[in-house]
1. Consider a paramagnetic label point 7 Å from the Cα of residue 183 along Cα→Cβ; state which residues of the range 151-174 have an amide N under 17 Å from it.
2. Per 5 Å bin, what is the whole-percent P(r) computed from every C-alpha pair distance within the range 49-125?
3. Do me a favour and compute the ellipsoid semi-axes for the chain from its Cα gyration tensor, root of five times each eigenvalue, largest one first, whole Å.
4. Which lysines have a Cα lying under 30 Å from the Cα of residue 90, excluding residues fewer than 8 positions away in the same chain?
5. Sorted by packing (mean other beta-carbon atoms within 10 Å per residue), highest first, where do 57-64, 32-39, 16-23 land?
6. What is the set of long-range amide H partners of residue 51 at a cut-off below 5 Å, with H atoms built 1.01 Å from backbone N?
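Readers should treat all values here as calculations from the given coordinates under stated rules, not as data from a laboratory. Nothing here was measured: the structure is a model prediction, and the numbers come from that model. Every residue, glycine as well, gets a Cβ built from its backbone with ideal geometry; the counts of neighbours run over all protein chains shown.
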Amino acid sequence: MILGKNVNMQPQHKYARIERERRFLLDRFPSDVNAVRIRRITDRYIDGTTLRLREQSEERGPTIFKLTQKVPARASGAQEGLITSMYLTKDEFCVLAQLPAKKLSKTRHSVPPFGIDVFEGALEGLLLGEAEFDSAAAADALRLPSFIGAEVSADNRFTGGRLVRASRQDVQTWLLEYGIRLSSL
């Protein structure tokens, strides 16, 4: 290490953690699963940054506000990147929510080890499942249930930061490449 930088001259990420996730398209919501938790999520991707402002609520719990930075880092297997999150008060969230941003809303159904996102608005009909892992070996060992469709872990078009900027037509075209149709509004 030289002056707080590693040998690749990348800044250290003292507060970031490695995020390993695999993402999958679903052609329909599985009928044979029980969600252990359901959360309503509204993300605001702040224009010109890698920052995401999140409001998350569930029926029997407090609303949670977070500011997150995701920095992608390619690796083989599961999508990897660095993630840093900071919890906010509602007042702090309201101040940051005034920044120009693109908004994405979804409902996340936790069906361990998957979170199944059911998108709303222009992306209604899009179903995306993701699973997070502590290690590359755990990601590689994931057994896929029958409700999982195509894996899109390496397809950056199916990240929140990209989906928030996509039109419904864009998403329909992308899904057709995987043999999946976006349901009608």
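1. 172
2. 3, 12, 16, 21, 25, 15, 5, 1, 0
3. Numbers: eigenvalues 139, 96, 60 Å².
Here the semi-axes work out to 26, 22, 17 Å.
4. 14, 66, 70, 102, 103, 106
5. Working: 57-64: 10.9, 32-39: 12.4, 16-23: 17.6.
The most tightly packed comes first, giving 16-23, 32-39, 57-64.
6. Result for residue 51 returns 46.
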